[in-house]
Each structure stands twice: as structure tokens, then as C-alpha cells.
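Take a look at the structure set out below.
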Amino acid sequence: MRLVVIGGVAAGLSAAARARRLNPSLDILVLEKGATISYSACGLPYFLSGEVKRQDDLIVHTPEYFQTERNIQVRTGVEAVAIEHAKREVALASGERIKYDRLVIATGAHPDLSKVHGSDAPHVFSLHTFEDAGRIAQFLARQKPTTAAVIGAGYIGLEAAEALRANGLRVRVIDAKADVLGRDDAALTKQVRQHLEKFAVPLQCGVQVADAASLPEQMVLLATGLKPNVELATAAGVKIGRTGALEVTDRMETNLGTVFAAGDCAEAMHRVSERPVYVPLGTTANKMGRVAGANSVGIRERFAGIVGASIVRVCGLGIGLTGFSVAQAKREGFDPVSAHIEAKDRAAYFDGRVTRVELVADRRTRRLLGAAITGEQGVAGRVNVAATALAAAMTLDQFLDLDLAYAPPYAPVWDPLLVAGQQLMRVLDA
Ligand code: FAD
């Protein structure tokens, strides 16, 4: 039996590795159209900032590793151009045809450049692939630009802005929407704006750029969102869901049965709204890939879904998000109330710094719906506690019963999460 995987990064290689672990005799072939496989796209901004010294340090494994250590064949520089499911064949751009018994589609996503012109100008870049980061690094080294505009205040735009600032450029960030990080949260946007001002990085929200090449900056980085790579799959009859990404079951199965999809090309179930969403993240891609790999060899595993947990560093400010903001929760049909607090993230006498915690809960059920945590320290731990509470469908009352750790170098005796929870309780009970 042969498993063919299309896409050789997070989801595709997780699928291949899991399938191999569960079935030592399976023939596994991974097709990747790019030159580089198994790299950390998440690390690309830190290569640009200089925190990661060598770009190759972001490569986790080579095709040779997969061949010799895992008995998985990986072919790079080969593009799948059609799937003929009736014949169980993948057609490559070269004309070659490859037979499969099971297929995992892990084709990822591409930057959405549909709303802005000028993306092909020599000083306009996207930051999506290993090669993109190489091109940007080369431009920085050779052209030595002193100014940059980043279009898009999602997490990639904000991380890129920090990286360019670290290279000494004067940077401004522009976004067509009113808020950052796609969160619909005016208070968070205000905080990010004020923080960026300290680094002389203006944040201009609500500004639509029609032509990136017409901006006065010497370099422009487009981070205007992602679109799932679905064309190959849909041409073969795979259904897309309400989000525009591939529709999958919790076993990562598409409507074609023996064809699975995982990662940035697929949608995921949100555990709070219980609706499919499109939140393309590496953490999700790895988990989906693992589940697709297991099910492709007949082992029933399920992907439980997501709670939209994410974290980003913006000029030293950590921003941890999970679930929904008030505005998003309203759109999802909840009756949300929220409260926020500012508190020290550890004992004041132990270099405690201000952290801000906002919690959102449903008025009727008292279930926690979301959290936004910002600060310089401890953000990852706190957002993960909140994400766990969301995944466990905890009410605020249950959340307040949590036994959270305390020691002066790490946290204050009343963790800021619990302080925010108590504040929210007052609002709920008012
Ligand atoms: P991809 O990584 O996009 O891989 C898909 C692969 O499929 C590509 O290599 C592509 O060339 C190949 N392919 C597509 N079509 C074909 C075809 N027809 N034939 C052959 N090959 C094909 N996520 C986090 O959780 N945390 C972070 O901090 C984070 N930071 C990020 C920072 C940056 C700058 C970027 C770009 C992404 C970041 N992400 C982060 C997101 C994360 O990297 C992605 O969610 C993850 O890489 C998705 O994995 P994937 O395998 O689904 O898709």
C-alpha cells in the first residue's frame, strides 16, 4: 500500500512520520514543489531580526534524513498539478503520474495579495516561505534600506515590523481594518499602538493601501492575510467548507474518503463556538497532520479542534490570545461580558512588570469564552491556562477554583488570571 503526501512542511511531514510509526511496511512518498522541506516558518522573523544567526538553523530535517532514518521518500522540486481520484493517481508538472492508495493533501496556504497592487515590485516582499526570508535578508544586506512599510497588522506583519526595526529601519505598520491581530478588540489595538510608539513605529489602522509600490518607503512587506491552497483538491472533487478551506471530519478525512487534508489548507473546529474556522497555525498543522497520518493507515484518531490559542511578540510585548473578544463572541451568538485588570506579573520586589489580562464570559451560561493577555513576562503560561479552561468548557466559577502556582520569581500570590476572574465575577453578578 502506498501513501502519497502532497506538501513537505508541518502538516505533510507530521502525517508521513505518524503513518510510518504506525505502519513500518507502508510505502510513503512526500511530494514538495519547493526546494526546502521541514523548516520552521515560525522562526523566519527571528532569522530576519538576527536572533537566529543562520537561516539553515531553521531546517529541522533534510530529505536524506527522512529517507535513511524514517524510510520515507521525499521528492523536492516536484509539483502536483492534478489528482485523478478515480484512478488513484497524482499528476506532476513533469507529466509523471504517481499511484496512491491513500492521499494526504497538506498544501498549506499562500499570502493573499488580491487586495493590493504592486506585489511584484523589486522592493515589495511577502514573508511566507524559507525562500521569501532569504530574499528579504539579501535585500536588507545589499540595498540597506532605511525605511519600511509593513502592510497588515496580523501576527506576521507585527513580527516582521519588530524584525525590521531590529535592523535599524524606520518602520510603519498599516492595516485596512480597525484592529490588530484580526481580533476586533479596540483596547488591545490601543495598547499595541502605544507600545509601538515607544519604538517609533506608527500603527495606522483603517488605512487601505491600493498600490504597495507607490508608498514612499524603500521597502514594503505585505502581510495581508492568507488564503488556503485548495485549487488542486477542489479540482479533484474535494469539498470546501464555509471558511473557504478544505472541509474535513475530525479524522481529517475529506469527502473523498481515502483522501485526507491537514494544516493550513484545511479548516478546524472551534471548540468554543463549535463551528468550523480557518485559523492557519503551525501548532494546528502539526496536530492535524499527525491525525491524518494515523487515519490514513486505518488507525482511528481524532483531532479535537482548536480554541484559537496564539502568542506573538511585538517589540518585546507578548500578546497571548485565545477564544473570542467581546465583538467576536457577539458575532458567534453569545451574550458576552468582559473585565480586564492590570497587575504585576510576579512579585513587585522580584522585577514584577505590568501585565494586562482581559477575560470574556457568556452572561447566561457563565462559560469562559476568551482571554487576551499582554505583558513582557509570563504571557505564554497564562494564555495556556486560559486556553485549557476554554478547551475544558469551564465556567468562570470553575476557573476561579483553579490552584495556580506561586513563587516570587514567577508569579504573585494572586495570579493575574484569578484577579481578572474575580473582576469579571463582579461584573457578572452586578
Ligand atoms: P506549509 O508550511 O505552507 O507547507 C505546505 C507545503 O506544500 C509548501 O512547502 C508548498 O510548497 C507545498 N505545496 C503546495 N502545493 C503543492 C503542490 N501542488 N505540489 C507539491 N507541493 C505543494 N504558527 C504558529 O503556530 N506559531 C507561530 O509563531 C508562527 N509563526 C509564523 C511566522 C511566519 C513568518 C509564518 C509564514 C508562519 C508562521 N506560523 C506560525 C504558521 C505556520 O508556519 C503554518 O501554519 C505552518 O507552516 C502550516 O504548515 P502546513 O504544512 O499546513 O503548510
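Structure remark: mean-square fluctuation, Gaussian network model of the chain, C-alpha springs under 10 Å; the largest value among 54, 366, 135 belongs to 54.
Using Cα-Cα distances under 8 Å and only pairs 6 or more residues apart, what relative contact order does the range 222-293 have, in percent? Let's see the in-between values first.
On the way: 101 pairs, mean separation 18.7, N = 72.
Relative contact order, the range 222-293: 26 percent.
A P(r) calculated from all alpha carbon pairs of the range 66-159, with 5 Å bins opening at zero, reads 2, 9, 14, 17, 13, 11, 12, 11, 7, 2, 1, 0 percent.
Among rounded, prolate and oblate, which fits the range 167-296 when a ≥ b ≥ c are the square roots of the eigenvalues of its C-alpha gyration tensor, a/c under 1.5 means rounded, and a/b larger than b/c means prolate? Mind showing how you got there, number by number?
Values: a/c = 2.69, a/b = 2.12, b/c = 1.27.
Prolate, since a/c reaches 1.5 and a/b exceeds b/c.
Under the convention that each Lys and Arg Cβ holds +1 and each Asp and Glu Cβ holds -1, the size of the dipole of the range 310-429 around its Cα centre is about 260 debye.
For the chain, a simple Cβ point-charge model (Lys and Arg +1, Asp and Glu -1, everything else neutral) yields a dipole of about 240 debye relative to the Cα centre. Normalised by the number of residues in the range 173-232, the average gap of Cα pairs under 8 Å and 6 or more apart makes the relative contact order 37 percent.
As a test of the formula, what do you get for the chain when each DSSP H run with n ≥ 4 contributes -39,500 (n - 2.57) and the sum is divided by the residue count, at 222 nm and rounded to the nearest 500 deg cm²/dmol? It comes out at -8500 deg cm²/dmol, rounded to the nearest 500.
Around residue 177, with a cut-off of 15 angstrom between Cβ atoms, what is the net charge of the other residues, counting Lys and Arg +1 and Asp and Glu -1?
Every neighbour counted, the sum reads 0.
Antiparallel beta bridges, as assigned by DSSP with both residues in the chain, represent about 55 percent of the total such bridges. Projecting the Cα positions of 389, 399, 334 onto the charge dipole of the range 310-429 (unit charges on Cβ atoms of Lys, Arg, Asp and Glu, taken about the Cα centre) puts 334 furthest along the positive direction. For the range 310-429, report the translational diffusion coefficient in µm²/s to the nearest whole number, using Stokes-Einstein at 37 °C, 0.692 mPa s, and a Kirkwood Rh over Cα pairs. Translational diffusion coefficient: 232 µm²/s. Among the trypsin sites (Lys or Arg not before Pro) in the range 205-274, those located in a DSSP loop and surrounded by at most 11 other Cβ atoms within 10 Å of their own Cβ are 242.
Put a dot 7 Å past the Cα of residue 242, heading toward its Cβ, do the same for residue 380, and the two dots end up 3.4 nm apart. Of 341, 59, the residue with the largest accessible area leads and the full order is 59, 341 (1.4 Å probe). Each residue, residue 354 and residue 392, gets one label point 7 Å from its Cα in the Cβ direction; the gap between the two is 3.1 nm. In nm, to one decimal, how far is the modelled label at residue 197 from the one at residue 81, with both set 7 Å along Cα→Cβ? About 5.5 nm, to one decimal. In the full protein context, the range 274-333 carries 41 Å² of accessible surface per residue, based on a 1.4 Å probe and ignoring ligands, DNA and RNA. Once the Kirkwood radius over Cα pairs is known for the chain, the Stokes-Einstein relation at 37 °C and 0.692 mPa s delivers a diffusion coefficient of 143 µm²/s. Taking only the Cα atoms of the range 223-293, the radius of gyration and Dmax are 11.3, 35 Å. Comparing 405, 268, 420 in a Gaussian network model of the chain, where Cα atoms under 10 Å apart are tied by springs, the biggest mean-square fluctuation is seen for 405.
Taking the 1.4 Å solvent-accessible surface of the chain as the whole, the part contributed by carbon and sulfur is 52%. Since only 221, 202, 182 are under comparison, the one whose Cα sits farthest along the positive direction of the charge dipole of the range 124-224, derived from C-beta charges on Lys, Arg, Asp and Glu, is 202.
Among the trypsin sites (Lys or Arg not before Pro) found in the range 153-221, those both in a DSSP coil and sparsely packed, with 12 or fewer other Cβ atoms within 10 Å of their Cβ, are 198.
Volume of the convex hull of the range 124-224 (Cα atoms only), normalised per residue: 84 Å³. Computed on the range 253-344, with alpha-carbon pairs under 8 angstrom and 6+ residues apart, the relative contact order is 20 percent. Springs between Cα atoms under 10 Å define the GNM used for the chain, and in it the highest mean-square fluctuation of 237, 323, 263 occurs at 237.
Magnitude of the Cβ-charge dipole of the range 124-224, K/R +1 and D/E -1, about the Cα centre, nearest 20 debye? Provide the component values of the computation, followed by the final result.
Working: 11 positive and 11 negative charges, 73 e Å.
Once rounded to the nearest 20, the dipole reads 360 debye.
Ellipsoid semi-axes for the range 7-88, based on the Cα gyration tensor and the rule √(5λ), read 27, 16, 10 Å when sorted largest first. Annotation: per residue accessible area for the range 124-224 equals 42 Å², rounded to a whole number [probe 1.4 Å, protein chains only]. Computing FRET efficiency as 1/(1 + (r/R0)^6) for residue 62 and residue 401, where r is the C-beta to C-beta distance and R0 is 41 Å, gives about 0.25.
When the charge dipole of the range 1-151 is built from unit charges on Cβ atoms (+1 for Lys and Arg, -1 for Asp and Glu) and taken about the Cα centre, the candidate among 73, 145, 117 whose Cα reaches farthest toward its positive end is 73.
The values are calculated or read from the model by the stated rules, or taken from the named source; none is laboratory data. Everything numeric in this text was worked out from a predicted model, so none of it was measured. As a convention, Cβ positions derive from the backbone with ideal geometry for all residues, glycine included, and neighbour counts pool all protein chains shown. Side chains are part of the model used for accessible areas, which takes the heavy atoms of the whole protein and leaves out ligands, DNA and RNA. Shrake-Rupley method; radii C 1.70, N 1.55, O 1.52, S 1.80 Å.
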